[in-house]
1. Let me confirm something: among Ala286, Ala264, which residue is surrounded by 21 or more Cβ atoms within 10 Å (Cβ to Cβ), in contact with a helix residue (DSSP H, G or I) (Cβ under 9 Å, 6 or more places away or on another chain) and hydrophobic (A, V, I, L, M, F, W, C)?
2. Please tell me if Pro338 is at pLDDT 85 or above, farther than 23 Å from Ala204 by Cα and not acidic (Asp, Glu).
3. Output yes when any residue across segment 311-334 is farther than 26 Å from Arg71 by Cα and either modelled with pLDDT of 90 or more or aliphatic (A, V, I, L, M) (or both), and no when none is.
4. So which residues in segment 375-407 are in contact with a Leu (Cβ under 6 Å, 6 or more places away or on another chain) and closer than 15 Å to Leu345 by Cβ?
5. Within segment 384-402, identify whether any single residue is among the small types (Gly, Ala, Ser), free of Cβ contacts under 8 Å to residues at least 40 places away in the same chain and not assigned by TED's automatic domain parsing to the domain that holds Ala204, and answer yes or no.
6. From (1) modelled with pLDDT of 85 or more; (2) of a type in the set (Lys, Arg); (3) within 19 Å of the chain's Cα centre (by Cα); (4) more than 27 Å from Asp384 (Cα to Cα), pick out the condition that doesn't hold for Arg109.
7. For segment 198-215: of the residues being of a type in the set (A, V, I, L, M, F, W, C) and modelled with pLDDT of 80 or more, which is surrounded by the fewest Cβ atoms within 10 Å (Cβ to Cβ)?
8. Restricting attention to segment 123-155, and to residues there that are in a loop (DSSP other than H, G, I, E, B) and over 27 Å from Asp384 (Cα atoms), which single residue is farthest from the chain's Cα centre (by Cα)?
Amino acid sequence: MIGNVSGTRLGAAATGLTVTVVGTTVSVSVDSSGQFTLRNTPTGQVQLRFTGPGLDAVVTIEGVGDHDEIRITIRVSGGAAEIEDHRHESPDHRVEIEGRITDIDLAGRTLRVADAVINVPAGTTIRHGGTPVDFSSLHVGDRVHIKGAATGPTVTASEVNLQNPSGPGKPDDAAGRVELKGAIADLAGACPSISFAISGSPVATNAATQFEGGACNTLKNGDKVEVKGTRQSNGTVLASEVEKEDDDDDDNEHEVGEVELKGALAGLSGTCPSIAFTVSGSSVAANGSTKFEGGACSTLKNGDKVEVEGTRQSNGTVLASEIEKEDGDDDKKPAAGPVELKGALGGLSGTCPSIAFTVSGSSVAANGSTKFEGGACSTLKNGDKVEVEGTRQSNGTVLASQIEKKK
């Protein structure tokens, strides 16, 4: 069982937390990045007890079998703890995943929950209670419980159960108020009018936004924040308050030192070997000294599961000494050919018309031949909803023939 602990103002205090399997002697400490690994857990119902300064809480995991692989994220708030998302895979690759949708591709019928990319074929049972739900009604932020089967890094769903009390697209309260927690990504703009993404949800601030735990100009990619605001009709959260988590160590500067990261690669940019990307909300950079295992640098693509070893720099970026691509199927690349993508634009870089960005986990590139609809190239920004038509190249990037900015 591999876990991650997160929560408001957790920060360096994570090193004082212990995880114990109730009723056994199995116990481990949580490391400084919030990670822990439990081995030889019993089968059946497993209770995990989290203890530390100001915390003594228990969470329950059902149906643990022999040799099951379980990945969980535990959110700590005050003296309580709860499961934010989890993935439970049996030796025969049957999978159950629970958590919030962080990205969705309506055209491709895929969605992302935590680090998992999930295919939802036409005809898959999707329900909210006893009511059938269409795939097109699902939204980023919806909480789902998914059953399916894993093939390599991809999960194919056989059943999707929507857990929002009020139905699809209504994960928050009836007035549209939203609370988001996570690491900042794709930061852009000038204070106080900045934009960024939290767990795939676009966020915007303005002069009325209140910043806590640090001024607007101290925010950077990778910072853990809590956002309160209102969901707008275009899906963006207009923030009334942005709280930078952990006031210790000069407004949450990352601890410099050796780091290990595991998770899905996202926001890939640059040219090998000098590439940059994020893993579990942390920015990672590689250079000529980085060692690549399990596949050459050129085989890496968004969505790949990787393990990174390196050193945290003073700006929070991890300079990678080694990047290991998990799952040895290195030659399994997205099929080349015509592609249509829909979703929120992220990781925007370059100068018009030669720009690059990601949509639904796929890297997109534009050039002088790309046609822009619904707005000029120069009007595009992170968080915009777009529809992309183009051709998948051999390196997995989609070369766009048309980019339509949606209202």
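The values are calculated or read from the model by the stated rules, or taken from the named source; none is laboratory data. Not measured: the values here are computed from a predicted model. Backbone-built Cβ (ideal geometry, glycine too); neighbour counts: all protein chains shown.
1. Details: Ala264 fails: in contact with a helix residue (DSSP H, G or I) (Cβ under 9 Å, 6 or more places away or on another chain).
Of Ala286, Ala264, the one residue that is surrounded by 21 or more Cβ atoms within 10 Å (Cβ to Cβ), in contact with a helix residue (DSSP H, G or I) (Cβ under 9 Å, 6 or more places away or on another chain) and hydrophobic (A, V, I, L, M, F, W, C) is Ala286.
2. Numbers: at pLDDT 85 or above: yes; farther than 23 Å from Ala204 by Cα: yes; not acidic (Asp, Glu): yes.
So Pro338 fits the description; yes.
3. no
4. So in segment 375-407, the residues in contact with a Leu (Cβ under 6 Å, 6 or more places away or on another chain) come out as 382, 384, 386, 388, 390-391, 393.
Across segment 375-407, the qualifying residues are Asn382, Asp384, Val386, Val388, Gly390.
5. If we filter segment 384-402 for residues that are among the small types (Gly, Ala, Ser), which is where we start, we get 390, 394, 396, 400-401.
Of the ones still in play, those that are also free of Cβ contacts under 8 Å to residues at least 40 places away in the same chain are 400-401.
Going one step further and asking which of them are not assigned by TED's automatic domain parsing to the domain that holds Ala204, we end up with 400-401.
Scanning segment 384-402, I find at least one residue that is among the small types (Gly, Ala, Ser), free of Cβ contacts under 8 Å to residues at least 40 places away in the same chain and not assigned by TED's automatic domain parsing to the domain that holds Ala204, so the answer is yes.
6. The single condition Arg109 does not satisfy is (4).
7. Initially, segment 198-215 is screened for residues of a type in the set (A, V, I, L, M, F, W, C), giving 198, 203-204, 207-208, 211, 215.
Going one step further and asking which of them are modelled with pLDDT of 80 or more, we end up with 203-204, 207-208, 211, 215.
Details: Val203: 25, Ala204: 20, Ala207: 7, Ala208: 9, Phe211: 19, Ala215: 12.
For segment 198-215, the residue satisfying everything is Ala207.
8. So in segment 123-155, the residues in a loop (DSSP other than H, G, I, E, B) come out as 123-124, 129-130, 133-134, 138-142, 152-153.
Checking the rest, the ones that are also over 27 Å from Asp384 (Cα atoms) come to 123-124, 129-130, 152-153.
Numbers: Gly123: 27, Thr124: 24, Gly129: 27, Gly130: 29, Gly152: 19, Pro153: 15 Å.
The extreme case among them is Gly130.
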